[in-house]
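Nothing in this text is a laboratory measurement; each read-out follows from the coordinates by a stated rule. These figures come from a predicted structure and were not determined experimentally. Here the Cβ positions follow ideal geometry from the backbone for every residue, glycine too, while neighbour counts run over all protein chains shown.
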Amino acid sequence: DAGITQSPRHKVTETGTPVTLRCHQTENHRYMYWYRQDPGHGLRLIHYSYGVKDTDKGEVSDGYSVSRSKTEDFLLTLESATSSQTSVYFCAISEPSLGKPTNEKLFFGSGTQLSVL
Amino acid sequence: GQNIDQPTEMTATEGAIVQINCTYQTSGFNGLFWYQQHAGEAPTFLSYNVLDGLEEKGRFSSFLSRSKGYSYLLLKELQMKDSASYLCAVLDYGQNFVFGPGTRLSVLP
């Protein structure tokens, strides 16, 4: 199994407070992703990173920011949490297979259950 | 735009065969993936198709038709432990994985 650790596993916070979720990997994979998962919507991409200090927005990036100062760490910050950001957040990693038939599966962390009251 | 469709729920009997369909319309295509997700857990990789045809892996097989934007996951000899959600995902040109809403499969004794 890929070495991916998410912290915290559970978080309850109040509307308007900032929240930071951490994803740590030991695989040295270049790509890291933050998804949120909500009933009826499946997994939706928030932000992703393709290297240190290289990040880009996903489908549902409003209200979220990310940082990647080291290969192994990818942080997701909710600047001012809202109730609509109550969700399960998954971090994932992948590594493109250059010069070979693509087999770039995603490996997921265990998830963070965030509740914004 | 990006759009991936799957049935929301399916029910099947232990020992039977079930086929979960997935249709997609995405801006790019670098492969189609199936993931399994048990309740309260993270998704785990099941199968991958990049060329048309059938890929078999034990009790699970996955089929792809790129011209039709269609894939299916076939589960044979169903077991109770196969009760889970099955997620279809397309890898587009931007190294982004676009997921469908998932199909929740219930296996009954």
Among (1) in a strand (DSSP E or B); (2) more than 14 Å from chain A (Cβ to nearest Cβ), B:F33 falls short only on (2)
Examine segment A:70-91 for a residue that is within 19 Å of B:G94 (Cα to Cα) and either within 10 Å of chain B (Cβ to nearest Cβ) or touching a helix residue (DSSP H, G or I) at 6+ places or on another chain (Cβ under 6 Å) (or both), and state whether such a residue exists. yes
So A:Y31 ticks every box in (1) touching a His at 6+ places or on another chain (Cβ under 7 Å); (2) among the aromatic types (F, W, Y); (3) closer than 22 Å to B:W34 by Cβ but one. Which box is left unticked? (1)
Verdict on A:D56 being farther than 20 Å from B:A39 by Cα, free of Cβ contacts under 8 Å to residues at least 12 places away in the same chain and surrounded by fewer than 17 Cβ atoms within 10 Å (Cβ to Cβ): yes
